[in-house]
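Working notes for the structure below.
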Amino acid sequence: MTWIDVPAGTRFGIDNLPYGVFSRAGHGPRLGVAIGDHILDLAPVLDDGVFAQPALNALMSRGRRVWRETRARIVDLLTDATRRPRVQPHLVDASTATLHRPFVVSDYVDFYSSLEHARNLGEILRPGSEPLLPNWRHMPVAYHGRSGTVVPSGTGITRPCGQSLVDGQVSFGPSRRLDIEAEVGFVVGAPSQRGEPVPTSAFADHVFGVVLVNDWSARDLQAWEYQPLGPFLAKSFATSISNWVVPLDALDAARLDGRSQDPAPLPYLARATPWAFDLTLEIELDGTIISRPPFRNLYWTPDQQLAHMTANGACVRTGDLFASGTVSGELRDERGSLIELTWNGRDPLRLPDGTERSFLEDGDTVTLRATAPSATGGQLALGDVTGNVLPARCGSDG
Ligand code: CA
């Protein structure tokens, strides 16, 4: 138990301790951990310059042994009441702090690992044919995204402009089919060596923690541009991540065996230890919960994603982010994107104010949340990720 007065039922309890970057009046950005309604300012209590930096990268690069030691020291500071006089002055009321992007994103890769999502998209985009493409059950399919436009929760999302095909005519203008994708992202701490694939068994040696991801997507731009090389401008305008990075160790109680896979994966993709997670996501649109996607049934687990991403000798670097792909379940209210929830606009959502949505409108706010079982038998949360849609700025003919 912590000596800090945390609200009953908090999901930022002593068994979570997510890391973030915060600032407040008179103090520039630095590292902190969330505990209840407070942020512990780490630099003064851990007496190490790595915590005074404005990003997690330097801490993350030190590797798993240091991550575990650091977490144990923070737990000790917050549970041993004799530490209180020294630690209390460095607890910041979270409502007085500003949160920042928690780490500098190196490379960003986005997978496509939910069977239900891939099947739904196949049925929507290629009706009448086999929804899964031939490679899907053999490898975790992915594309490279744009790391420079990964933004922290709270950042406004300007509606993108681009080319699309409307009634057989190619035109340029604001996207009319702006969508969300609810995903879970994994943050690489310790780098790997070029030429040395990372086996599934080494997942926890490299992955520091977990964030929530909203992979904003312009479906009309995507439909016109995606063949043959995959998504490009339809997704590169913005990707939102949570401000808090939950350490992998905090999710021990949420770990599950992965879903069975048919056919059995090739040997380099065989799972060594359970790295599925019992996370339940939640999508809120303008104050209404519209879906609760289950992450526990993800077909390709993140250990397999990391093994696949490095199987050709490509290395990962500190700050790399790889996301799961849209998380969807079997049920309608478990789908992780509007294109699935409204079946490409055929079945619009009706909101409590009487309006309908097929895709996002200017002024809409989307918030993603996720919870998981914690080590003490309660629930912990990932940091939520929110963004609101701003009007397009298309230049001279916009
Ligand atoms: Ca995606």
Fill in the blank from the handout: The condition from (1) of a type outside the set (A, V, I, L, M); (2) within 29 Å of E361 (Cα to Cα); (3) surrounded by fewer than 18 Cβ atoms within 10 Å (Cβ to Cβ) that D252 misses is numbered (2)
Fill in the blank from the handout: Checked region 33-60 for anything part of a loop (DSSP other than H, G, I, E, B) and either of a type outside the set (D, E) or over 21 Å from R83 (Cα atoms) (or both); matches are G36, Q53, P54, A55, L56
Practice task
May I ask you to verify whether V316 is buried (at least 19 other Cβ atoms within 10 Å of the Cβ), β-branched (V, I, T), under 14 Å from the mean Cα position of the chain (by Cα) and assigned by TED's automatic domain parsing to the domain that holds D179?
Solution key: no
Problem - Residues satisfying the stated conditions in region 170-203, i.e. in a loop (DSSP other than H, G, I, E, B) and within 16 Å of the ligand (Cβ to nearest atom) - result: S175, R177, I180, E181
Fill in the blank from the handout: So, first residue within 14 Å of S337 (Cβ to Cβ) and assigned by TED's automatic domain parsing to the domain that holds P160 in region 176-197, second residue outside any loop (DSSP other than H, G, I, E, B) and among the basic types (K, R), Cβ within less than 9 Å, six or more apart or across chains; the pairs are R177/R219; L178/R219; D179/R219
Handout entry: Among the residues listed as L382, L360, L306, the single one being assigned by TED's automatic domain parsing to the domain that holds P152, within 25 Å of I124 (Cα to Cα), modelled with pLDDT of 95 or more and among the aliphatic types (A, V, I, L, M)
Key = L360
Exercise for the section: Assess whether L78 counts as being away from the ligand (no atom under 16 Å from the Cβ) and either outside the structural domain of L266 (by TED's automatic domain parsing) or at pLDDT 95 or above (or both). Expected result: yes
Completion exercise
Taking region 107-146 and the residues there that are surrounded by fewer than 17 Cβ atoms within 10 Å (Cβ to Cβ) and small (G, A, S), the one that is farthest from the ligand (Cβ to nearest atom) would be G128
Fill in the blank from the handout: If you go through R65, R30, R11, the only one that is among the charged types (D, E, K, R), outside any strand (DSSP E or B) and within 22 Å of the chain's Cα centre (by Cα) is R11
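The values are calculated or read from the model by the stated rules, or taken from the named source; none is laboratory data. Since we're looking at a predicted model, the values are computed, not measured. Every residue, glycine among them, receives a Cβ derived from its backbone with ideal geometry; neighbour counts consider all protein chains shown.
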